[in-house]
1. For an R0 of 35 angstrom, estimate the FRET efficiency from the Cβ-Cβ distance between residue 97 and residue 50 and round to the nearest 0.05.
2. With each label point set 7 Å from Cα along the Cα-Cβ vector, what nm distance links residue 69 and residue 203?
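Please treat every number below as a calculation from the coordinates, not as lab data. This structure is a prediction, so every number in the text was calculated from the model and none was measured. Cβ sites come from the backbone with ideal geometry, for glycine too, and all protein chains shown count toward neighbours.
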Amino acid sequence: MLVAGCGTDTVTASTATTPPTETVATTGPQPTVLEPTSVATTETPDIDLDSGLLAHYPLNGDAVDAGPSARHGEVAGAVPIADRDGRPSGALLFDGIDDLVTLDDAGFAIDGDFSITMWVKGNPYSDHQWVLLSDHAAGECQPVTESWILRYTAEAGVFFSVYDQTTECGSHFGYGSLVSLDDDEWHHLALVAFDGILTIFLDCQEILVGEAPIGLPNGPHPLLAGNQSGAPESTAFDGALDELRFYDRSIDLPVIDALCVEH
Ligand SMILES: [Ca+2]
C-alpha cells in the first residue's frame, strides 16, 4: 500500500535554533517547507516487525517489554483500559495529573536512524500540553545534558525535540500541525528518523517531514511515557497509550502500515 503523500494534509516542517522553553512555541522562525520524503522506497516481500526492535511495550495494563531485551518498565498510577479493539486491559489510561510509566532505557542511546511507534487516544477535555515520551527534565535550560521529548498540543500538534548541546540550552527541532490527538479516538503515531530527516506519520499518513539531528540520545533522565522528569501536572498526558515500540532503524512504509492497521 502506498502510504506517503497520498493524503491531502499540508506538510509543514520547521527547524528552530532558539533556546527552548517549556512552552511549545507557536511562533518563531518561519517554517521551512520541505518536500515530502519517503523514509523508504524499497518494499520487502516479508514485513519484519522485529528487526531492529529495541523494545515493545504492549501496555496490556502493565509495562512489560515483549521485545528481545526484556526492558520492563514500571507503571505509576496509569490503569488498564480496553484497547482500540475492545480488548479488556489492552492499553493504559493516564489521568492527566500524575500518572506515568518509567521505562528501562539502558541501551537507548542511538547514534543513527531510529523509529518510535504507538497508539494514542487523547482526552478532548484536557487543558494542557502532553508529554507522550521523554528523556528530559522539565523547566530548565539543559546545557550539559542531551535529552529529547515528544509532546503534543492542540495548537502545535506533534512536537519532537532533541536537545543536543549545539547552543547554550540545546536546540530543538521540528513541529507539526494539522493533526489532532485529542478527539477521544485511537490514532497511530510513528516517528521515523532516516538519514537526517524526521518523518512523522499519523494513522499511516505522513504529516511532517523535517530535518532533524540523527539519533536518540540517552541522557541522565529516566525514559518516561506520559510525562517528563519532574512530572509537572502541566505536561501530564491525559488519555490512553498502547503498543509502544522503539527501533534502532528507520522502519519502512510496509512496516508502518502493518503496525497501524493490525497491531
Ligand atoms: Ca496492548
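1. Numbers: r = 35 Å, r/R0 = 1.01.
The calculated FRET efficiency here is 0.50.
2. That separation, rounded to one decimal, is 3.3 nm.
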